[in-house]
Every structure is written in structure tokens, then in C-alpha cells.
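Written out below as C-alpha cells is the structure these notes cover.
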Amino acid sequence: MKASPIRCLVTAGPTREFFDPVRFLSNPSSGKMGYALAEAAANRGWEVDLVSGPVSLLVPPGINLEQVVTGQEMYEAVNRRFPDCDILIMTAAIMDYRPKEIADHKIKKFELEMVIEMEPVIDVLATVARHKQHQVVVGFAAETNQMEDYALKKLESKNADFIVANHIGGAEGAFGRNDNTVVVFTRTGQRIPQGPLPKTELAEHLIRLFAGKLEESAPANSKSPDSI
Ligand code: CTP
């Protein structure tokens, strides 16, 4: 009997939170890291679902794409697919807050200040990983400072097996660049620096690392060796 391939769920890109029909809050994520990881996983023979916010990238061949816009839509897409995946890789830069109200018409400008009341967006990773069973869970940490401290906290708070931490912001920041330097933190206390490398090459290294973990946690012969 032919073993089934590894099922990999990747999220990528930014999300948008609208406050009127033509304006939204978002961030400069390009989606490049997530798309590179999806491609590297597919090249390994894994079955890849990619849940993507709005980006201007071509979808690599052989990947099932679901496009979303808001954080809530991303949550629904990930939550629906999580039970059937073997590994979840969350690179998406989800907006943490959304306007409490969305005006149904374009808000006209005034000369005075404008205040938008915001409420938190669901933490997709922490919420789905709370119910993790066999899945390997990978989060990213986008930090401007105290990267290591925050990344270690996210390992716990997001119930992740790996946190891939990178610096964002400023000239050295990861957003939009073709290369990246990261530090991978593991549940077993490892600290693995990677890069600087083009995001495509870095993605191959990361997928190899995650494959090792899948191999450890998979019951013997349940997944195709080729697909690990
Ligand atoms: N994430 C998520 N849902 C959110 C925010 C983030 O699933 N609402 C995921 C990201 O995809 C990433 C990880 O959580 O894998 C860490 O995201 P990051 O933006 O670094 O951290 P936050 O959880 O947003 O916390 P903070 O903004 O305080 O650093």
C-alpha cells in the first residue's frame, strides 16, 4: 500500500482590516517567505494548502491556494484545514487589531483628528494549536527588539514546536526583502541560527528541519519516506 504524503498547511502575507469600503489597516508583509516555504514543501512531495492574504506573487505549481483578506477569514480557513494537516506553518503577518465598526460609506475627511476604536483580532495560531494532536506547529515571530525573549515566550503561548524569529522594521527588516536571517527556537531548547540566505534557500533549510521533527513524531511507516 502506498503511504500518503505529508499534508502541509502554510499561511502567508498580510491581512487587511477595513474601516470603510476603501480604506484598511495592514502591514508591509510581501508573502515571500510563506510562498517560498510552500514551494519548498511541494518540491519535497508534500501536499500543500496555502492560505494567503493579498500579495502580488505567483502561486507555485501544485499548490492549493485559498485567498483571504481579514484575520477572521484567515482563522476560518486555517481552523477548517488544521485537523487534517500534519504540519502548520504560520508565516502570515496577521493584523492584531481591527476597527470596531466598518462604515458602509467612504468616511469624509475633516480637519480635526480622527480616532478609530479597535478591538483584537483572534490569535489564529494560538487558538488552533490549543487543539493540536499529531500536528507539528511552526510559528514565526516578527520582532523589532528583544527578539529572543519574545520568541521564547511565543513558543509557549502559541503551543508551537518551532518559532522562527526574524527582525522586522528598519533597513535590515525582513518585510519585502528577498533574503532573510532567522533564529529557530525549538521546544527542546535548541537555538538554530539560519542565514543570511535568499528566502527560497532558507525555505529549503527550514522544511528539512521540520521534516526531521515530522519523522520523529510520525508512527513508523505511516507516511511515505519520500514525502518526508
Ligand atoms: N499570529 C496569529 N494570529 C494573530 C497574530 C499572529 O496566528 N492574530 C501568528 C503569526 O502568523 C506568527 C505568530 O503568531 O506565526 C507570531 O506573530 P507575531 O506578529 O510575531 O506576534 P503576535 O502574536 O502578533 O504578538 P506581538 O504583536 O505582541 O508580537
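The values are calculated or read from the model by the stated rules, or taken from the named source; none is laboratory data. These numbers come from a predicted model, not from an experiment. With ideal geometry, Cβ positions are generated from the backbone for all residues, glycine too; neighbour counts draw on all protein chains shown. Note: accessible area is taken over every heavy atom of the protein model, side chains too, but ligands, DNA and RNA are not part of it. Shrake-Rupley method; radii C 1.70, N 1.55, O 1.52, S 1.80 Å.
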(request) Search the structure for amide H atoms under 5 Å from the amide H of ILE168, placed 1.01 Å from N in the peptide plane, and list their residues when 5 or more places away or on another chain. (result) GLU143, THR144, ALA174
(message) Pairs of alpha-carbon atoms within less than 8 angstrom and 6+ residues apart define the contacts here; what relative contact order does the chain have, in percent?
(response) 22 percent
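Remind me, what semi-axes does the chain give for its equivalent ellipsoid, largest first in whole Å, using sqrt of 5 times each Cα gyration tensor eigenvalue? Before the final figure, lay out the partial values.
On the way: eigenvalues 199, 75, 56 Å².
In descending order the semi-axes read 32, 19, 17 Å.
Per residue, how much accessible surface does the range 42-124 expose to a 1.4 Å probe? Answer in Å², no decimals. Can you show the working numbers first?
Numbers: 5270 Å² over 83 residues.
In whole numbers, the range 42-124 has 64 Å² accessible per residue.
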(request) Per DSSP H run of n ≥ 4, the term is -39500 (n - 2.57); total these for the chain, divide by its residue number, and report the mean residue ellipticity at 222 nm rounded to 500 deg cm²/dmol. (result) -8000 deg cm²/dmol
(request) Enter the angle in degrees (range 0 to 90, nearest 10) between the Cα long axis of helix 199-217 and the first principal axis of the Cα atoms of the chain, meaning the one along which they spread out most. (result) 60 degrees
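Summarise the accessible area of the chain (1.4 Å probe, protein heavy atoms) by the percent that is carbon and sulfur. Walk me through the numbers before you get to the answer.
On the way: 6240 of 12300 Å².
Summing carbon and sulfur atoms, their accessible area is 51 percent of the total for the chain.
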(request) Measure off 7 Å from each Cα along the Cα-to-Cβ vector at GLU117 and THR181, then give the distance between these two points in nanometres to one decimal. (result) 4.5 nm
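Within 10 Å, count the other beta carbons around each residue, average over each peptide in 209-216, 25-32, and list them highest first.
Numbers: 209-216: 16.6, 25-32: 19.0.
Listed from highest to lowest mean packing, they are 25-32, 209-216.
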